[in-house]
Amino acid sequence: MSFILNIETATKNCSVAIAKNGETIICKEIAEEGYSHAEKLHVFIEEVIAQSGISVHDLAAVAVSQGPGSYTGLRIGVSAAKGLCFALNIPLIAVDTLKTLASQAKISEGKIIPMLDARRMEVYSAIFNSKLETERAIQAEVITDDSFSDLAGTIYFVGDCAEKCRSVLTKENFVFLEDIKYPSAAAMSKISYDKYKISDTVDVAYFEPYYLKDFMINTPSKKQ
């Protein structure tokens, strides 16, 4: 029996779940414009552990969203996950954020393209088939009316980019699943358990989130 704590903080959704043998027992999450991860994450962790009826010492591993996504959100999630793994001496599992997002679309055929907003018309995206196998790796790209035009069959888009991309991605085989907006820790459960079973873990001391693009800090220009 394996209990895994799943932490997803790569987007506006602060999400935490406890899973037993790959099945989500309980999930607590909230998506807010103000990114309340620093306030809510540790509270959610305590609540899901208490409500699932287990002790923190019953955890076999901690899984965390590895990105891409919000720099601050990822740092908060990874820091919390590392702290627990160090304290409990249990393994850390890194889960692809876009795969978690894509897994929430249940389709029998076609392709799934998860997209996360990266400002302007740029997104973080990847391409998965209906079996959740990667067909194109993660990349940052600018969306135009030619984007994904070479793909045949029904293409399902998920993520927080529907509003800005719908007017550009207008081909008949494009379908926006607007109810799937953010990755959720509940959707990490099977992915993290599959990784746990084959000991696909990361080094707790050296693991860093996958930011994809460097975090840029704007500094005021010097007055002439």
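Here are a few things to note about the model shown:
- Length gained when the stretch V168-E109 is fully extended (0.36 nm per residue, less Cα-Cα span): 18.9 nm
- At most 15 other Cβ within 10 Å, DSSP loop - GluC sites (Glu not before Pro), the stretch 4-79: E32, E33
- Check: the stretch 106-176 dipole with +1 on Lys, Arg Cβ and -1 on Asp, Glu Cβ, in debye: 160
- Neighbour-limited loop hits for GluC sites (Glu not before Pro), the stretch 108-138 (at most 13 other Cβ within 10 Å; DSSP other than H, G, I, E, B): E109, E133
- Per-residue ellipticity at 222 nm from helix content only, as computed over the chain with -39500 (n - 2.57) for each DSSP H run of at least four residues, stands at -7000 deg cm²/dmol.
- Antiparallel bridges, percent of DSSP beta bridges restricted to the chain (to nearest 5): 60
- Listed by chain and number, the aspartates and glutamates placed with their C-alpha closer than 16 angstrom to that of K190 are E8, E23, D96, E133, D200; residues fewer than eight positions away on the same chain are left out.
- Restraint check, K40/K106; K106/K164; K82/K195, Cα-Cα greater than 20 Å: K40/K106; K106/K164
- When the chain is treated as a GNM with alpha-carbon contacts under 10 Å, the residue of T154, T24, T201 showing the greatest mean-square fluctuation is T154.
- Subtracting the Cα-Cα distance of V175 and R120 from their residue separation scaled by 0.36 nm leaves 17.7 nm.
- Cross-link partners of K171 among aspartates and glutamates, defined as those whose alpha carbon lies under 13 angstrom from its own and excluding same-chain residues fewer than eight positions apart: D145, D146, D150.
- Between amide H atoms placed 1.01 Å from N, distances below 5 Å from F176 occur with F157, all of them 5 or more places distant or on a separate chain.
- For the stretch 151-161, Karplus couplings with θ = phi - 60° (6.51, -1.76, 1.60), whole Hz, Gly/Pro x: 8, 9, x, 6, 10, 9, 9, 10, x, 8, 10
Throughout, read-outs are computed from the coordinates displayed, never taken from laboratory work. These numbers were taken from a predicted model, which means no experiment stands behind them. Backbone-built Cβ (ideal geometry, glycine too); neighbour counts: all protein chains shown.
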